[in-house]
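The values are calculated or read from the model by the stated rules, or taken from the named source; none is laboratory data. This one's a predicted model, so the numbers in the text were calculated from it and none came from an experiment. When we count neighbours, we look across all protein chains shown, and the Cβ atoms used for this are built from the backbone with ideal geometry, even at glycine. Accessible surface is based on the protein model in full, side chains and every heavy atom, while ligands, DNA and RNA are left aside. Shrake-Rupley method; radii C 1.70, N 1.55, O 1.52, S 1.80 Å.
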Amino acid sequence: MAERIDGKAAAAAVVDKVKTASAELAAIGTTPGLAVVIVGEDPASQVYVASKSRTAKECGFHSVQHTLAASTSEADLVALVEALNADPAIHGILVQLPLPDHIDAGRIIQTIAPDKDVDGFHLINVGRLGAGQVDEAFVPCTPAGSMILIEKARGRDLSGLDAVVVGRSNIVGKPMANLLLAANATVTIAHSRTADLAGVCRRADILVAAVGRPRMIKGDWIKPGATVIDVGINRVPAPDKGEGATRLVGDVDYGEAEARAGAITPVPGGVGPMTIAMLMANTVVSASRAAGREPPRF
Ligand code: GUN
């Protein structure tokens, strides 16, 4: 039976380290500042943003939230981001995605100053990570958090191990693959057009699932003893819990996978809590750099 990797505990440890670093910075006159911008009323986004703002306050940050109407123009959003870029009290800027259709999300992301881009979506940070400059880049929070969970199971050096990332998004799949490569794993990115996806997954010592399809990855796709990181968060009907009830499941069939994997992240309670913790980590790193201090390492 697989070891269950406890993302809640790992996230709490990251947040503790952030709190310590934040207090040290405050003592020398730099309170880390995080600005979160949300446009429109997408309910899932509102839940995420509230949670980010709450954790930021727990970390002792100066936390500001800008909630803008869905009708906000692209020019007004650009102007807000530029004002935050210029604000010395702000060290991290996050514009919650998705944005309304009339706004070019790519343009907004490229407007964020790269040294305040705590999401790691600016092309400068994408390029740093792609060039293997992991310590200089802001790394997107979900893959950064997944990497910490992988380290718990396998250590920091993944030499000789085969890693398969299922999913090729810019937010998870591609940066995840770059992090695994930087840690010396032999990396395959698989996706919806991959031939014999099950066979590719069966080669993986480390399998990262980031496709957004409930329980797509079956138990017999998993190499015995593999480390399985499930990034998926999918809401599915749960008639056993009553009429109209739902539950969250990952991209991996946990019940089946548990019997073969060496270690596996649950959903919920695996990668999810790490994402917000890494946003706090990136923000305190940014504030440390702004204060001329050696940033903490996570
Ligand atoms: N929407 C869903 N996940 C994310 C994220 O990590 N960052 C931003 N900015 N928006 C998101």
Give the residue, chosen from 167, 160, 130, that is surrounded by 18 or more Cβ atoms within 10 Å (Cβ to Cβ) and closer than 28 Å to residue 195 by Cβ. 167
Tell me which residues, restricted to the range 139-154, are among the aliphatic types (A, V, I, L, M) and within 11 Å of the ligand (Cβ to nearest atom). 144
Give the residues of the range 53-85 that are in contact with a Ser or Thr (Cβ under 7 Å, 6 or more places away or on another chain), of a type outside the set (Gly, Ala, Ser) and either surrounded by 14 or more Cβ atoms within 10 Å (Cβ to Cβ) or without any contact (Cβ under 8 Å) to a residue 24 or more places away in the chain (or both), sorted by residue number. 57, 59, 61, 62, 65, 78, 81
Count of residues meeting criterion [more than 16 Å from the ligand (Cβ to nearest atom) and either open to solvent by 10 Å² or more (accessible area, probe 1.4 Å) or of a type in the set (S, T, N, Q) (or both)] in the range 231-248: 11
Scan the range 110-125 and give yes if some residue there is open to solvent by 50 Å² or more (accessible area, probe 1.4 Å) and touching a His at 6+ places or on another chain (Cβ under 9 Å), otherwise no. yes
If residue 289 satisfies all but one of (1) touching a Pro at 6+ places or on another chain (Cβ under 7 Å); (2) under 26 Å from residue 163 (Cβ atoms); (3) open to solvent by 60 Å² or more (accessible area, probe 1.4 Å), what's the number of the condition it fails? (2)
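Residue check: is residue 50 loosely packed, with under 13 Cβ neighbours inside 10 Å and farther than 30 Å from residue 258 by Cα?
Numbers: loosely packed, with under 13 Cβ neighbours inside 10 Å: no; farther than 30 Å from residue 258 by Cα: yes.
When the stated conditions are applied, residue 50 does not pass them.
Within the range 39-136, which helices (runs of 4 or more DSSP H) (wholly inside it) include 3 or more residues that are β-branched (Val, Ile, Thr)? Before the answer, list the steps.
Details: elements: 43-58, 74-86, 105-111, 123-130.
Where helices (runs of 4 or more DSSP H) fall fully within the range 39-136 and carry at least 3 residues being β-branched (Val, Ile, Thr), they are 43-58, 105-111.
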I'd like to know if the range 90-104 contains one or more residues that are open to solvent by 20 Å² or more (accessible area, probe 1.4 Å), free of Cβ contacts under 8 Å to residues at least 60 places away in the same chain and more than 16 Å from the ligand (Cβ to nearest atom). yes
Give the residues of the range 182-229 that are more than 19 Å from the chain's Cα centre (by Cα), at positive phi and in contact (Cβ under 8 Å) with a residue 12 or more places away in the chain, sorted by residue number. 184, 215, 225
Positions within the range 170-191 being within 16 Å of the ligand (Cβ to nearest atom), of a type in the set (A, V, I, L, M) and surrounded by fewer than 21 Cβ atoms within 10 Å (Cβ to Cβ), in sequence order: 171
